[in-house]
Amino acid sequence: MQLMPISQYYSGMNLPSNVTIVEVGPRDGLQNEKQAISLEEKLELVHRLSQTGLKVIEAGSFVSPKWVPQMAASETLFQTMTRAPGIRYSALVPNQRGLDTAIACGVEEVALFAAATETFSKTNINCSIAESLQRFADLAKQAIDHGMRVRGYISCVLGCPYEGDVNPEIVTQLSQQLLDMGCYECSLGDTIGVGSAGSTEAMFEHLCANNVAVEKLAFHAHDTYGQALANILVALNFGVATIDASVAGLGGCPYAKGASGNVATEDVLYMLNGLGISHGANLEVVVECGNYISAVLNRPNQSRAANAITQKRSG
Ligand code: HMG
Ligand code: MG
């Protein structure tokens, strides 16, 4: 059978030719884990991810250990880990103390994280949206003055565990504000994975209609309802070329009840391969990495693609 070129299958679609994956496994993937994970195991995960061809790794967060105990070792992790050339290693920062720690550890990129609803903002970072933006503007300026790259996040863009539906207008306004304060990119998080292809399309339509620079947007999907890949395909079709994902589908936010894992990096890579979109990562090596951390956590790999590839290899 003669296969059609991919462009004919997807005629009318506006897919990017290259996508950057932001690997959030060591941070978003592990932050909600109740079991102890040693510093050595975290270092090994970051080391293995650094061998996969992935170019951006969110390795930890400098948040209060009272709020997120699993990230308490981030400072030591950043002080100890070997940074591979050509890879950006980033960390989440909620306040001045977090930024000071990032600067002291020589972190090159920080991520500030806002929320689309007041209740989530209060529950996650103990302040209102307006207070967070005021604080982030100051942190962004300081970080940029220190030569750091600054990324912005918005949580709950497609639904909130406390307030339900979210109006795309608030996402548009917040994205613009984060970009205006100097974030090179704003990652839109479906924190509890309730979005559908329809609601994802409505959000990006609103953003584009209001001239938010789509090349400065990233999409961050959780797979609670199994819709993450469909939603990512919608985002790609709007020209979004940065996708957050977590190896082995690890993840969840401790302040988002019901949030399951992030979309698995392996599943996203498999989809991108099928679309002929380049990403620079070696899927087979990422699968090994996901199997490693799943074994550490003593649980099955949550990636369907990883399991299929592993089974095929052993069969
Ligand atoms: P607070 O309680 O208002 O802060 O929390 P505080 O200033 O009163 O400090 C409380 C204690 O924490 C104090 O210790 C501080 O020193 C300490 P004590 O004096 O009681 O011993 N503390 C810190 N320690 C280390 N590093 C720091 C730090 N700051 C304070 N940076 C705060 C406010 C923002 C600190 C807190 O709410 C917090 O840490 N929140 C972070 C929550 C979090 O990490 N959530 C998960 C990440 S967001 C996410 O997953 C969503 C995302 O993936 C997108 C998506 O999925 O859609 C990004
Ligand atoms: Mg997340």
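The values are calculated or read from the model by the stated rules, or taken from the named source; none is laboratory data. Here the structure is a predicted model, which is why all the values come from computation and not from measurement. Cβ: placed from backbone, ideal geometry, glycine included. Neighbour counts: every protein chain shown. Surface areas here come from the heavy atoms of the whole protein model, side chains and all, with no ligands, DNA or RNA. Shrake-Rupley method; radii C 1.70, N 1.55, O 1.52, S 1.80 Å.
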The cysteines in the chain that find no other cysteine Cβ closer than 4.7 Å to their own Cβ are CYS105, CYS127, CYS183, CYS186, CYS208, CYS253, CYS289
Per the C-alpha gyration tensor (a ≥ b ≥ c, the square roots of its eigenvalues), region 36-158 is rounded if a/c is under 1.5, else prolate if a/b beats b/c, else oblate; here it's prolate
By the mean-Cβ-within-10 Å protection proxy, highest first, 152-164, 289-301 rank as 152-164, 289-301
Calculated from DSSP helices alone, with each H run of at least 4 adding -39500 (n - 2.57) and the total divided by the residues of the chain, [θ]222 nm to the nearest 500 comes to -12500 deg cm²/dmol
hull vol. (C-alpha, convex hull) per residue for the chain, Å³ -> 126
With a 1.4 angstrom probe the carbon and sulfur portion of accessible area for the chain, in percent, totals 50
With the 1.4 Å probe rolled over protein heavy atoms, region 53-102 has an accessible area per residue in Å² of 43
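Tell me the net charge near GLY251. Cut-off is 15 Å between Cβ atoms, GLY251 excluded, with +1 for each Lys or Arg and -1 for each Asp or Glu.
So the surrounding residues net to -4.
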Taking a ≥ b ≥ c as the square roots of the eigenvalues of the Cα gyration tensor, with a/c under 1.5 meaning rounded and otherwise prolate when a/b exceeds b/c and oblate if not, region 224-282 is prolate
Among region 248-289, those whose backbone N falls under 19 Å of a label point 7 Å along Cα→Cβ from GLU163 are 253-259
Looks like region 257-315, by Cα gyration tensor root eigenvalues a ≥ b ≥ c and the a/c under 1.5 rounded cutoff (else prolate when a/b is bigger than b/c, oblate otherwise), is oblate
Within the under-13-Å Cβ sphere about VAL286, not counting VAL286, Lys/Arg +1 and Asp/Glu -1 give a net charge of -3
Total charge of the residues flanking ARG97 in space, meaning their Cβ is under 14 Å from its Cβ, with Lys and Arg +1 and Asp and Glu -1, is -1
Averaged per residue, the 1.4 Å probe accessible area of region 144-301, protein heavy atoms only, in Å², is roughly 36
